[in-house]
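Asker: Mind having a look at this structure? Questions to follow.
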Amino acid sequence: MKNKNKNQSQTKEPLMPPALSAVFSALLPGLGQAFSRELRRGFLLLLSFLTIGGLLVWRVFQAGRRYKDMAEKISKAYTFEPVLKIITVLFILFYIWIIIDAFLLAKKRKEGLKISGAGILFFALLIFFILGWQIGGIEPITFFSRIDQAVPTFSRVLWPWENAIVYPEEIITTKAEIQSPCTDSPFESSSGVLQEPYLITNPTCGNPSEANGTPGTTFTLVGKGFDPETEVEIWWRDPINNEFRQRMAGDYVTFFPEEDGSFEKDVIMPYRIIPPVAGEGPKIWQVQARQLASVGKGEISSELKLAVEKMIETIFIGMMATFFGILLAIPFSFLAAKNLMGENALTLGVYYVVRTVMNIIRSIEPLIWAIIAVIVVGLGPFAGIIALTVHSMAALAKLYSEAIENIDPGPIEAIHATGANWIQTIAFAVIPQIIPPFVSFTVYRWDINIRMSTVIGFVGGGGIGFLLQQWIRLLDYRSAGMAVWFIAITVMILDYVSSEVREKYT
């Protein structure tokens, strides 16, 4: 009972009565709490109120940005984004709760009691969560309804090894020439029937399909001497030697020859833009029939070789960046250690300057440094090494300096007592104590640099990241999957090695 009375006596009286505190919180949310001597609580409520209100206004203007009239803008915003109605209602309830909280807080304070603010702060976090849901455009229904479309892509990434081994294929290409447009003189194809397999067309001239959808000339392709029941693909070569595979009704044109190796197939001459460089007058096209003749022994694919090469490059980017980062970080770490630089105003000033510069450098992500480095030295691994070196220097300098600041001051005082200078103090009292943490931090930073070197490749910093970006853009997900596997395996190995080294030296 004595303790309770003691706590009540220590609770300060509010500066205003409950009703007046509620009025002030109605005028400026959180002000009533401040008058009840809850400054932090009042500031948090005011900051939350202003932030939620500002975000709500921004989202309303974003949703109705196509309309100029203010009333129509607001009306359309709430029509297009129904969740804004929920946020608005919660925002009004939050405002009312702040007023009630100010009243109850002043009342309880006057009685010598305290009231928890966890409920109202949790309510503010709930509104922030709903705002974040709306701003982030989170649509779980869309995710689960479309996830089956991503399964083929994920399967290629998770098991990409079909691209690791290739089997050389021998393709037999048989062609026939076509003139476009037709002329008064009959056109005779120079390809002729010289040997099997062969391909002839009827007619031998015609017009391609037009951009408006008008179909071109229908040709009857007749071929003989092909392997029976083996797929044949139809390709075209336009007058400027661009080859492309033909589609009809959205599907590639393919067929299987009869048992005697012959076939007869009708195709429509496809649409193709012919630039002026092709010249004027009749032009010669080619229609081709391609068939797989044989498959050779398995070979390592060029994509796998390239992935291994770029993974090695990535490892060495991280290694060289770590090496150069160590060389630059060590001298700065001693200048950034307050226990070594706090002897006088000059050294203390150097300490603050070095700390500030290192913090600025460290705050800029390696990805940004990589973009800057690419501008200076161009694309390639050198840009990646520069970016990671700069960031590693600042990061390691901070870690090293903190390790120096945490050393045992006893040896330093003993060395000072002998009259040793600053360099001798570092050599005999500091360095022996910092070697274990320095080794641990260095290995850990190398691990980080290997991970980061896979990312900076996306902006041209070399390594496997650059290759991964190109494969993703080309929708070659099997090759991209091989790159992802190599990255994951390398990072796991390095993580194990770095943990073993850190355990040994800590």
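What follows draws every value from the coordinates through simple rules; no lab data is involved. Keep in mind that what you see is a predicted model, and the values were worked out from it rather than measured. Cβ sites come from the backbone with ideal geometry, for glycine too, and all protein chains shown count toward neighbours.
Asker: Enumerate by residue number the trypsin sites (Lys or Arg not before Pro) in segment 281-345 meeting two conditions: DSSP loop (anything except H, G, I, E, B), and at most 10 other Cβ atoms within 10 Å of the site's Cβ. Kindly include the intermediate steps, with their values, before the conclusion.
Answerer: Working: sites: K283, R290, K297, K305, K310, K338; in loops: K297.
Counting only loop positions with at most 10 other Cβ atoms within 10 Å, the trypsin sites (Lys or Arg not before Pro) in segment 281-345 are K297.
Asker: Suppose R0 equals 60 Å; then what is the FRET efficiency for S302 and N421 from their Cβ-Cβ distance, rounded to the nearest 0.05? Don't skip to the end; give the middle numbers.
Answerer: Values: r = 61 Å, r/R0 = 1.02.
Rounded to the nearest 0.05, the efficiency is 0.50.
Asker: Once Lys and Arg get +1 and Asp and Glu get -1 on their Cβ, which of N212, A26, P186 lies farthest toward the positive end of the dipole of the chain?
Answerer: Positive-most Cα among the choices belongs to A26.
Asker: Taking 7 Å along the Cα-to-C-beta vector as the label spot, tell me the F128-D227 distance in nanometres, rounded to one decimal.
Answerer: 6.6 nm
Asker: Another question, then. Ordered by residue, what ³J(HN,Hα) values in Hz, to whole numbers, does segment 127-135 give under the Karplus form 6.51 cos²θ - 1.76 cosθ + 1.60, where θ = phi - 60° and Gly and Pro are x?
Answerer: Those phi angles translate into 5, 4, 5, 5, 4, x, 4, 6, 5 Hz.
Asker: Oh, and also: Taking segment 376-476, which GluC sites (Glu not before Pro) meet the DSSP loop condition and have no more than 13 other C-beta atoms within 10 Å? Can you show the working numbers first?
Answerer: Numbers: sites: E402, E405, E413; in loops: none.
Answer by residue number: there is no such site.
Asker: Continuing with the same structure: Subtract the Cα-Cα distance of E162 and F244 from 0.36 nm times their separation in residues, and report this length gain in nm to one decimal. Walk me through the intermediate numbers first.
Answerer: On the way: separation 82, 0.36 × 82 = 29.52 nm, distance 2.49 nm.
Extending this stretch completely gives an extra 27.0 nm.
Asker: Projecting each Cα onto the charge dipole of the chain (Lys/Arg +1, Asp/Glu -1 at the beta carbon, about the Cα centre), which of I372, G261, I234 comes out farthest on the positive side?
Answerer: I372
Asker: Using unit Cβ charges (K, R positive; D, E negative) and no other charged atoms, how large, in debye to the nearest 20, is the dipole of segment 2-138 about its Cα centre?
Answerer: Working: 19 positive and 7 negative charges, 96 e Å.
So the magnitude is around 460 debye.
Asker: Could you give the size of the charge dipole of segment 105-205 about its Cα centre, using +1 on the Cβ of each K and R and -1 on the Cβ of each D and E, expressed in debye and rounded to the nearest 20?
Answerer: Details: 8 positive and 10 negative charges, 416 e Å.
So the dipole magnitude of segment 105-205 works out to roughly 2000 debye.
Asker: Here's another thing I want to ask about it. Under 16 Å from the 7 Å Cα→Cβ point of R146, by amide nitrogen: which residues of segment 220-261?
Answerer: Correct set: none at all.
Asker: Sticking with this structure for a sec: Projecting each Cα onto the charge dipole of the chain (Lys/Arg +1, Asp/Glu -1 at the beta carbon, about the Cα centre), which of G463, P270, G384 comes out farthest on the positive side?
Answerer: G384
Asker: List the residues of segment 194-231 whose backbone N lies under 19 Å from a point placed 7 Å from the Cα of D184 along the Cα-to-Cβ direction.
Answerer: Within reach of a label on D184: 205-206.
Asker: Let me ask you something else. Scan around F255 for amide H atoms under 5 Å from its own, H built in the peptide plane at 1.01 Å from N, and keep only partners 5 or more places away or cross-chain.
Answerer: HN-HN under 5 Å from F255: V232.
Asker: So, one more: Can you run phi through the Karplus equation (6.51, -1.76, 1.60; θ = phi - 60°) for segment 273-288 and list ³J(HN,Hα) in whole Hz, with x for Gly and Pro?
Answerer: Taking θ as phi minus 60°, the curve returns 7, 10, x, x, 4, 6, x, 9, x, x, 10, 9, 9, 10, 10, 10 Hz for segment 273-288.
Asker: I'd like the orientation of helix 39-63 relative to the chain: the angle between its Cα long axis and the longest Cα principal axis, in ° from 0 to 90, rounded to 10.
Answerer: Taking Cα atoms only, the helix is inclined about 20 degrees.
Asker: If I model a spin label as a point 7 Å beyond the Cα along the Cα-Cβ vector, how far apart are those points for L47 and Q469 in nm?
Answerer: 3.7 nm
Asker: A further question follows. Expressed as a whole number of Å, what is the distance separating the alpha-carbon centroids of segment 450-506 and segment 146-224?
Answerer: Measuring centre to centre over Cα atoms gives 40 Å.
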